[in-house]
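To keep things clear, I will list the structure first and then write my remarks on it.
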Amino acid sequence: MDKLAIVVPCYNEEEVLHLASAALREVLDDLVRKGKIAADSFILFVNDGSRDRTWELIEEEHAAHPVQVNGVKLAGNVGHQFALTAGLLTAKDMSTVTISIDADLQDDVAVIEEMIDKYHAGNDIVYGVRRERKSDTFFKRTTAQAFYKLMGAMGVKTVYNHADFRLMSKRAVEEFSKYKETNLFLRGMMPLIGYRTDSVYYDRKERVAGESKYPLKKMLALAFNGISSFSVKPISLILGAGIVIILISLLAFLYALISYFTGHVVAGWTSLILSIWFLGGMELLAIGMVGQYIGKIYIEVKQRPRYNIEKVLCSGQSHKEDALCIENREG
Ligand code: UDP
Ligand code: MG
């Protein structure tokens with residue numbers, strides 16, 4: 001039977017912690033009753049250096065429900081993406097499947113069952129996707145849409161309208177753990193893992209209590225991080241701009257020559273204006289060229305896994321191969 005860990009990052013969530021715990025325990029009870037998950041499935045609260053009573057509340061919950069509620073206390077505030085990663089990597093060794101969800105219950109816990117069903121149907125990652133952004137302000141909705149578009153244009157694969165409400169199998173988390181990068185943008189990394197994936201759809205609700213821990217500043221930082229951690233396209237844009245400007249300056253060169261010979265110019269203007277454009281173009285070109293190398297260095301230092309082997313079909317001729325085949329058969 002599959003043992004589920006529900007990973008919940010919490011930063012100053014004292015208003016919602018008991019509510020979240022109760023709602024998630026109810027989901028666990030229900031799934032256990034239906035025989036879909038093991039009875040020792042649990043919630044893993046990750047306290048992300050909260051300055052309020054969040055950790056005390058997690059301890060209380062653990063004392064009252066020692067099997068169903070567990071906790072991880074981070075030594076300081078490291079931000080949602082790191083807190084979630086800490087939770088997933090801790091949960092990986094204690095469970096066979098994980099679901100990550102925010103503490104504020106904005107994501108619909110009712111679709112967790114559907115996620116589990118899709119996992120049992122053979123999916124390794126199941127994305128929770130928001131149906132419509134009715135509960136969001138016009139501002140948040142349009143900026144979010146612009147963000148997904150921009151990400152797409154920059155060549156970063158993301159799942160539209162999916163945040164970090166997601167099911168991951170143990171082997172998906174294990175593969176994820178091989179990504180050692182520090183600039184985390186989790187929802188951009190998941191599609192790199194591969195395996196079969198599916199989505200479930202839900203309506204995102206209002207926060208049950210407390211206020212958002214993601215002010216505009218943090219949102220913009222996350223968006224910029226998303227692009228700069230996945231794409232070296234901005235560098236190529238500089239290179240492209242350099243080439244375009246050099247081409248323009250060549251056209252301008254023709255124009256200036258014609259103007260010069262027809263005599264409609266102030267002395268010195270021609271050589272000056274042409275130098276400005278041409279040199280400007282050359283400088284951008286040079287920066288863009290250097291940038292190409294920096295972009296490559298950047299990709300190399302990430303040391304991301306280059307592929308993820310899902311299965312090997314073999315009979316095992318040598319000792320070494322045997323081990324691989326047996327491992328594969330067990331997996
Ligand atoms: N969170 C966190 N560390 C932070 C900020 C937020 O662990 O530094 C958690 C927070 O407790 C919540 C989740 O990340 O469980 C999402 O935050 P929030 O609901 O405030 O974001 P919003 O839904 O407003 O975008
Ligand atoms: Mg929220």
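The set of residues in segment 94-122 that are in contact with a helix residue (DSSP H, G or I) (Cβ under 9 Å, 6 or more places away or on another chain) and either within 15 Å of ligand 1 (Cβ to nearest atom) or not hydrophobic (A, V, I, L, M, F, W, C) (or both) comprises Ser95, Thr96, Thr98, Ile99, Ser100, Ile101, Asp102, Ala103, Asp104, Leu105, Val109, Glu113.
Residues checked against (1) surrounded by 13 or more Cβ atoms within 10 Å (Cβ to Cβ); (2) modelled with pLDDT of 75 or more; (3) among the hydrophobic types (A, V, I, L, M, F, W, C):
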position: Leu279; (1), (2), (3): yes, yes, yes
position: Met282; (1), (2), (3): yes, yes, yes
position: Lys296; (1), (2), (3): no, yes, no
position: Lys302; (1), (2), (3): yes, yes, no
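Among the residues of segment 61-86, those identified as away from ligand 2 (no atom under 16 Å from the Cβ) and either of a type in the set (Phe, Trp, Tyr) or part of a helix (DSSP H, G or I) (or both) are Glu61, His62, Ala63, Ala64, Phe82, Thr85, Ala86.
In segment 206-217, the residues that are of a type outside the set (Val, Ile, Thr) reach residues that are in a loop (DSSP other than H, G, I, E, B) and within 10 Å of ligand 2 (Cβ to nearest atom) with C-beta atoms within less than 6 angstrom, at least six apart or across chains, in these pairs: Arg207/Asp104; Arg207/Gln106; Ala209/Val16; Gly210/Val16.
Each residue in segment 50-71 was checked for being buried (at least 18 other Cβ atoms within 10 Å of the Cβ) and closer than 17 Å to Tyr11 by Cβ, and 7 pass.
Could you check, for segment 46-61, whether at least one of its residues is within 25 Å of Lys180 (Cβ to Cβ) and among the acidic types (Asp, Glu)? Looking for residues that are within 25 Å of Lys180 (Cβ to Cβ) and among the acidic types (Asp, Glu), one finds at least one in segment 46-61, hence yes. If we keep just the residues of segment 24-37 that are of a type outside the set (Lys, Arg) and buried (at least 17 other Cβ atoms within 10 Å of the Cβ), which is nearest to ligand 2 (Cβ to nearest atom)? If we take residues in segment 24-37 being of a type outside the set (Lys, Arg) and buried (at least 17 other Cβ atoms within 10 Å of the Cβ), then Leu24 is nearest to ligand 2 (Cβ to nearest atom). Of all residue pairs spaced 6 or more apart or on separate chains, those with beta-carbon atoms under 9 Å, a first member in segment 137-155 that is among the hydroxyl-bearing types (Ser, Thr, Tyr) and a second member that is surrounded by 14 or more Cβ atoms within 10 Å (Cβ to Cβ) and in a helix (DSSP H, G or I) are Thr143/Met219; Thr143/Ala223.
The values are calculated or read from the model by the stated rules, or taken from the named source; none is laboratory data. Keep in mind it's a predicted model, so treat the numbers as computed, not measured. All Cβ positions, even for glycine, are placed from backbone atoms using ideal geometry, and neighbour counts span all protein chains on display.
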